[in-house]
Amino acid sequence: MKRKTCLIETFESCENYDKKHRNIQSGTATMYKNTIWYHTLLDAEKSCLKEEKVKKIHYKFEDGREMVEEYNVDTQVLLRRAWKVKGKLGGEGKWHVEIGDPIPDAISNSDCAEITECKDQPQVFRRNTRINLEWRIRNLPYPIETYSISANNDERCIVIRTTNKKYFKKFKIPELERLNLNIEQANIQSSHHFNTLIIMYKKPQQLLDMEKEWYEELKKVKPIKDIPNDCKTQ
Amino acid sequence: MASIAAAQVQEVRSITRIERIGAHSHIRGLGLDDSLEPRQVSQGMVGQKMARKAAGVILQMIREGKIAGRAVLLAGQPGTGKTAIAMGLAQALGPDTPFTSMAGSEIFSLEMSKTEALTQAIRKSIGIRIKEESEIIEGEVVEVVVERAAGGGGARVGRLTLKTTDMETNYDMGAKMIDSLLKEKVQAGDVITIDKATGKINKLGRSFARARDYDATGQQARFVQCPEGELQKRKEVVHTVTLHEVDVINSRTHGFLALFSGDTGEIKSEIREQINSKVAEWREEGKAEMIPGVLFIDEAHMLDIECFSFLNRALESETAPIVIMATNRGITRIRGTTYRSPHGIPLDLLDRMIIVATSPYSQSELKDILNIRCEEEDCQMSADALTVLTRVATETSLRYAIQLITTASLVAKRRKAAEVSMEDVKKVYSLFLDEHRSEQFLKEYQDEFMFNDGSGDASQVMMEVSQ
């Protein structure tokens, strides 16, 4: 009998959990604090560097992953977020940029990369503003009518199609995924200038709140004062 | 429009490019049937039945992969097919089994020690099959363009256009990629996948849309749907990497020093130990599988005593490949010592080996080989010319006779004949001396050459010293 009651209890707690999720989706202000993402951020080992107007935060998570964020001190906007991706076979690993401009390679990759997209092919860049998540797809010459941009909540991604079948792209929105938010078609806007297609997604209130809160939280991380000067000769 | 037409002409020319012909490029396998019995003439192999049968047994041993660290010695006179058997074994093993081929003298380098070179060769011959997520490009080929950059013999520039039902993208290709595309004979209408990290190309078939392009498509032409969605996908792929490649990935220093990357030099033994334990861990977890391959050392008598004693120990490690050595020496001095030993290999190492002997070819076998080489070198030869050539092969050497094939066919072309006749062979026989006639010539005119004091002994003394 005891076992049974126990089972029922867990079932109930499951239900509670579901409710919580629903609450998150309906937009209760502080629900982001229950997400796994927020907890991993809190638990991560953080270090901070300040360089003029840029605040750089290095996160070292408990599972060994590494992430770097760069904030503009004036606008509090996240300029860049990059993850260190390690190969299964070992080696140093490379930085994979989630938001912001890619980090230029110190060594030209042309020798080892045997096949790469041509320079004139479309390329996606992420650049967020204070209120929008933004994707800029450069080198897309076709007029705005060509594109159809739709939210696909089954695969949790935005799909871009072209009527002339020249370009197709699916991309996920990790920010929303981490907060268990759905993608709303109504929040998507797009424009096309200078061969660049810009897709904007209005940040939901949840995300805005969390980013604000998190920026406050980051103020607790003291920046490293004595940066070793890498050009000093002995 | 003109530029498109020009590009297409370029494409046709580059794809029908002549492949280079090597001394053993006619070998396509060991020429064994399913029960590992050798056929008289098959897959470019002729005769040498006992040795091939032995190689077949070794092949089975490698495929089962249970036993590590066996050594095999192929011993026989020059030109009796030792290297051919090793090449045939490599072909029969297929592309997934690592096969490293080196010459005994390759290990003597100023950049790394002999044992390091041997260790690297050994680790190149052990593969690890591992699952890894990788960027795959999958699409239908729209166009392949290969052009030479302006300026004499500049680097080739390649562009590949791929499409799916939803999109189309152009790619730039490097020289290696161009070569492998040409080798796979990829053309417009093929559906291919390319592993972006390794550049490995896999032909899936031809697109249905192109099904009616030609009336005469081969029996084996397979038709597939044009893929949909994005061209580039992330997929779990099973990779085969060698232990040496894993060593290199983990030993390369990053940052400033990476500017000088390229040659790896010596790899620290700590790194190797780390990797060995990691691989053992993967194997236990079932994430990876080890494939022992083959290390082939040609001209094994050029190794010295240090290498032999190193091999003695290396063969006993559980991560050792099957080592095949070939030598054409009889009882001779072991390099680095004054001792003489069979094949120039110390007795303790010989004791660990199984020895496969090759014997000189018979006249009819020589004829078969010459016939195969004629086909390989794309040369029409008349029956009597082939008979003469076979005589030449029996009296001089097989290698010399093979040299005469292309030279004779060039002579025949000069007189605009479609077929090489006996006269052509005779002409090149008089134009190019074989080793024996050259020696005769030297003996006759020795006095008139430079630095000759008339006594034949002096050169022999020199030889002793330089050895």
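The values are calculated or read from the model by the stated rules, or taken from the named source; none is laboratory data. Since we're looking at a predicted model, the values are computed, not measured. Cβ atoms come from the backbone with ideal geometry, glycine included; neighbour counts cover every protein chain shown. Heads up: the accessible areas ignore ligands, DNA and RNA and are worked out on the full protein's heavy atoms, side chains in. Shrake-Rupley method; radii C 1.70, N 1.55, O 1.52, S 1.80 Å.
Below, the figures for the structure above:
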quantity	calculated
Subset of A:LYS86/A:LYS202; A:LYS53/A:LYS94; A:LYS84/B:LYS268; B:LYS131/B:LYS278; B:LYS53/B:LYS82; A:LYS50/A:LYS202 violating a 21 Å alpha-carbon distance limit	A:LYS86/A:LYS202; A:LYS53/A:LYS94; A:LYS84/B:LYS268; A:LYS50/A:LYS202
For B:193-204, mean number of other protein chain Cβ atoms within 10 Å	2
Interchain or long-range residues, amide H under 5 Å from B:VAL356's placed H	B:LEU73, B:LEU74, B:ALA75
Gain in span if fully extended, B:GLU133 to B:GLU106, counting 0.36 nm per residue against the direct Cα distance	6.1 nm
Counting DSSP beta bridges with both ends in chain B, the antiparallel % (nearest 5)	65
Interface residues, the range A:136-179 - accessible area loss of 30 Å² or more versus chain alone, probe 1.4 Å	A:LYS165, A:LYS166, A:PHE168
Equivalent ellipsoid semi-axes, the range A:130-189, via Cα gyration tensor eigenvalues times 5, rooted, Å	22, 13, 10
Prolate/oblate/rounded label for the range A:29-98 (Cα gyration tensor, a/c 1.5)	oblate
Estimated FRET transfer efficiency (B:GLU266, A:LYS212; beta-carbon r; R0 56 Å; 0.05)	0.55
Amide H partners (placed H, <5 Å) of A:VAL77, local residues excluded	A:ASN72
Pairwise burial A:B, computed as accessible area of each alone minus the pair, summed, 1.4 Å, Å²	2600
Computed FRET value (nearest 0.05) for A:LYS219 with B:THR165, which takes r as the C-beta separation and R₀ as 51 Å	0.50
The range B:296-410, accessible surface, carbon-and-sulfur percent (1.4 angstrom probe)	49
Three-way shape label, the range A:123-234, alpha-carbon gyration tensor, a/c 1.5	oblate
Calculated from backbone phi, Karplus (6.51, -1.76, 1.60) coupling profile of the range B:365-376 in Hz, x at Gly/Pro	5, 4, 4, 4, 5, 4, 4, 4, 5, 4, 4, 4
Apportionment of accessible area to carbon and sulfur, the range B:132-237, percent (1.4 Å)	46
Coordinate range along principal axes, alpha carbons of the range B:267-315, Å, largest first	42, 23, 17
Burial of 40 Å² or greater, the range A:114-133 residues [accessible area, probe 1.4 Å, versus chain by itself]	A:GLU114, A:ILE115, A:THR116, A:GLU117, A:CYS118, A:GLN121
Rg ratio (alpha-carbon, reference 2.2 N^0.38 Å) - the range B:363-447	1.12
Approximate shape of chain B as ellipsoid semi-axes (Cα gyration tensor, √5λ), whole Å, largest first	42, 35, 23
Heavy-atom surface of the range B:132-237, accessible at 1.4 Å and reported per residue (Å²)	53
Accessible area (Å², per residue) of the range B:363-447, counting only protein heavy atoms and a probe of 1.4 Å	63
P(r) of the range A:36-226 over all Cα-Cα pairs, binned every 5 Å from zero, in whole percent	1, 6, 13, 17, 18, 16, 13, 10, 4, 1, 0, 0
Computed P(r) (all Cα pairs; the range B:132-237; 5 Å bins; percent)	2, 12, 22, 23, 19, 12, 6, 3, 1
Normalised contact order of chain B, rounded percent, pairs of Cα under 8 Å and 6 or more residues apart	20
Residue-by-residue Karplus 3J(HN,Hα) for the range A:33-44, coefficients 6.51, -1.76, 1.60, Hz, glycine and proline x	5, 8, 6, 4, 4, 5, 5, 5, 4, 5, 7, 5
For the range B:388-397, 3J(HN,Hα) per residue [Karplus equation, 6.51 cos²θ - 1.76 cosθ + 1.60, θ = phi - 60°, Hz, x = Gly/Pro]	4, 4, 5, 4, 4, 5, 6, 7, 9, 8
Accessible surface of the range A:36-226, 1.4 Å probe, proportion on carbon and sulfur as whole %	50
Other-chain or far-sequence residues with amide H under 5 Å of B:ALA103's (modelled H)	B:ASP298
Per-pair calculated FRET efficiency, R0 = 56 Å: B:GLU143 and B:MET450 via Cβ, rounded to 0.05	0.40
